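See below for the structure under consideration.
The values are calculated or read from the model by the stated rules, or taken from the named source; none is laboratory data. These numbers were taken from a predicted model, which means no experiment stands behind them. Glycine also receives a Cβ, built like all others from the backbone with ideal geometry; neighbour counts cover every protein chain displayed. Surface areas here come from the heavy atoms of the whole protein model, side chains and all, with no ligands, DNA or RNA. Shrake-Rupley method; radii C 1.70, N 1.55, O 1.52, S 1.80 Å.
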Amino acid sequence: MSWGTELWDQFDNLEKHTHWGIEFVERYTKFIKERSEIEVNYAKQIRNLSKKYQPKKNSKEEEENKYSSCRAFLTTLNELNDYAGQHEVIAENLTSQIISELMRFVQELKAERKSHFHDGRKAQQHIENSWKQLEMSKRRFERDCKEADRAQQYFEKMDADINVTKADVEKARQQAQLRHQMAEDSKNEYTSCLQKFNQEQNEHYYTLIPHIFQRIQDMEERRIEKVGESMKMFAEIDRQVLPIVGKCLDGMTKSAESVEPKLDSNQVIESYKSGFEPPGDVEFEDYSQPMKRTASENSLTNSRGEGKDKPSGKSKPKLWPFIKKNKGSGPEDCSHLPPEQRRKKLQAKVDDLNKEIQKEVDQRDALTKMKDVYLKNPQMGDPNSVDPRLSEISQNIERLKLEVQKFDAWLAEVEGRLPLRNDQSKRQSGLYDTQNNAPVNNNCAQDRESPDGSYTEEQNSETQIKAPSTEFDDEFDEEDPLPIIGTCKVLYPFEGQNEGTMSVAEGEMLYVIEEDKGDGWTRVRRSEEEEGYVPTSYVEVFLEITKGAMTYI
């Protein structure tokens with residue numbers, strides 16, 4: 001069915017309808033805009049929520065990540081951040097693929113509609129003018145006919161009157177003939193106008209108006225089709241991100257399934273155990289007999305392996321496990337802590353220093369490369385401008401090495417043995433086994449018991465150990481490759497276009513040589529000659545267990 005044949009007389013209604021159609025498209029565009037704003041605000045709130053609960057660096061929350069439940073929560077926060085990114089993608093696609101297109105389409109519709117109805121009004125005005133000309137010629141023909149009739153009657157009257165002169169009769173006759181001629185001319189003109197009008201009217205209603213209305217109908221159908229395509233795209237934009245959203249949710253589920261209650265409870269033991277033996281039974285002291293009373297061998301007041309007698313009046317058990325320790329950071333060598341906790345604190349300090357040294361070494365390597373570039377291309381910069389920073393970094397490295405040496409000495413002291421070469425190497429590389437089962441010298445710990453129930457770092461003369469002074473320059477050889485600390489699977493392809501990054505393909509397995517330090521990048525290796533950084537959110541990192549200690553990536 002065609003608008004031109006069925007709605008030939010509904011010009012005004014079609015004008016109103018097409019105007020409403022354009023307003024509908026504009027209203028739908030506004031709806032998409034508001035949906036896009038909702039997605040942007042939602043993504044922003046989700047990102048802020050994820051950022052709010054991220055553990056702060058050097059805080060207690062960061063230390064809690066040794067528990068599987070805390071690590072699972074951190075993974076959930078990271079996945080939630082990626083989830084928010086998908087809502088930003090939805091908002092961006094809504095703007096670029098629907099809103100911009102609809103706004104352009106509406107402008108085209110308005111211009112096209114204006115052109116069509118301008119042609120329609122022009123045709124309508126032309127047919128109305130033709131009708132007016134027809135009416136004018138018709139009225140003129142009617143008037144001339146009446147004038148001719150009156151002139152004919154006047155002539156006949158004058159001709160019948162015997163009192164009228166012949167000249168008057170002749171004049172009346174001529175006047176009657178003139179009027180008849182004028183009526184005949186008006187008749188011919190009216191006939192011509194009528195034929196012309198009928199022809200134009202037929203062309204108007206059967207050719208011109210149907211053609212214009214057909215174009216308007218085509219325009220309206222294109223508008224409806226465009227709205228339908230936009231609605232389909234509206235749903236498709238959401239559907240496009242569903243696979244990635246599903247992977248985010250799968251990551252959350254996987255992190256939840258990785259929670260291990262037994263492992264966390266054992267981690268509490270490893271974190272807080274002191275390394276001391278529980279106190280033995282307190283022996284009965286018989287005050288009814290005049291005898292020299294001594295403390296029990298197993299009493300807490302007696303050091304293991306030491307049998308010194310003390311005056312009976314001063315023999316009093318020290319229940320140190322139940323006495324509240326003095327608060328505060330304590331001395332640098334952590335001598336205020338029990339042996340096992342002290343060992344862990346010192347080991348953690350050594351690992352942190354090693355990481356700082358590695359950062360300084362990386363900076364030194366980068367500056368050295370920059371200096372080489374400046375030497376080869378002087379126009380890019382002055383090579384001497386890098387020297388002060390290189391000197392500062394070298395001093396920092398030497399200072400950090402001395403710090404490592406000092407803490408290694410204390411660590412060797414608390415372990416009750418000299419640090420072996422391979423153990424030092426492991427600590428330097430950051431992979432030292434933190435769950436070392438080396439025996440702790442409990443005699444030394446218990447002899448350091450102070451009168452208030454705590455313990456000091458005064459060592460027994462029999463277990464006095466001096467840490468050797470060794471140089472660690474060869475331990476930080478910058479040419480040595482970083483050790484492999486785990487593996488990862490690439491979840492999404494990544495084109496490494498910047499310097500230091502590496503291109504990876506989806507499903508590829510790589511070695512992890514440096515974990516994410518909070519900047520969103522993980523350092524990986526494909527072969528001995530090829531390594532670089534990839535986004536942490538693009539890979540799934542697997543844990544690696546070494547020597548009974550689990551390293552979490």
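Tell me which strands (runs of 3 or more DSSP E) are completely within segment 486-545 and hold 2 or more residues being closer than 19 Å to Gln358 by Cβ and open to solvent by 40 Å² or more (accessible area, probe 1.4 Å), or say none if there are none.
Qualifying strands (runs of 3 or more DSSP E): 521-527, 530-535.
Please specify each residue of segment 56-104 satisfying the condition of being modelled with pLDDT under 85 and of a type outside the set (Lys, Arg).
Matches in segment 56-104: Asn58, Ser59, Glu61, Glu62, Glu63, Glu64, Asn65.
If I ask for residues that are surrounded by 14 or more Cβ atoms within 10 Å (Cβ to Cβ) and assigned to a loop (DSSP other than H, G, I, E, B), which ones from segment 248-279 would you list?
Hits for segment 248-279 are Ser258, Val259, Glu260, Ser274, Gly275, Phe276, Pro279.
Hey, does segment 20-39 have a residue that's surrounded by fewer than 18 Cβ atoms within 10 Å (Cβ to Cβ), among the basic types (Lys, Arg) and free of Cβ contacts under 8 Å to residues at least 40 places away in the same chain?
yes
Of the residues that sit in segment 466-512 and are acidic (Asp, Glu) and under 30 Å from Leu402 (Cβ atoms), which one is modelled with the highest pLDDT? It would help to see each step written out before you state the result.
As a first pass, look at segment 466-512 and keep what is acidic (Asp, Glu): 471, 473-475, 477-480, 495, 499, 506, 508.
In the following step, the residues that additionally are under 30 Å from Leu402 (Cβ atoms) were identified as 471, 473-475, 477-480.
Numbers: Glu471: 38, Asp473: 40, Asp474: 41, Glu475: 38, Asp477: 42, Glu478: 44, Glu479: 48, Asp480: 61.
Ranking the candidates gives Asp480 first.
Which of the following residues is touching a helix residue (DSSP H, G or I) at 6+ places or on another chain (Cβ under 7 Å) and either in a helix (DSSP H, G or I) or in contact (Cβ under 8 Å) with a residue 12 or more places away in the chain (or both): Glu128, Glu88, Glu92, Glu63?
Every option except Glu88 fails the conditions.
Give the residues of segment 343-382 that are open to solvent by 40 Å² or more (accessible area, probe 1.4 Å) and outside any helix (DSSP H, G or I), sorted by residue number.
Asn377, Asp382
Residues being at pLDDT below 90 and of a type in the set (Asp, Glu): count how many of those fall in segment 156-199.
5
Determine if segment 168-187 includes at least one residue that is open to solvent by less than 70 Å² (accessible area, probe 1.4 Å), touching a residue at least 40 places away in the same chain (Cβ under 8 Å) and among the small types (Gly, Ala, Ser).
Yes.
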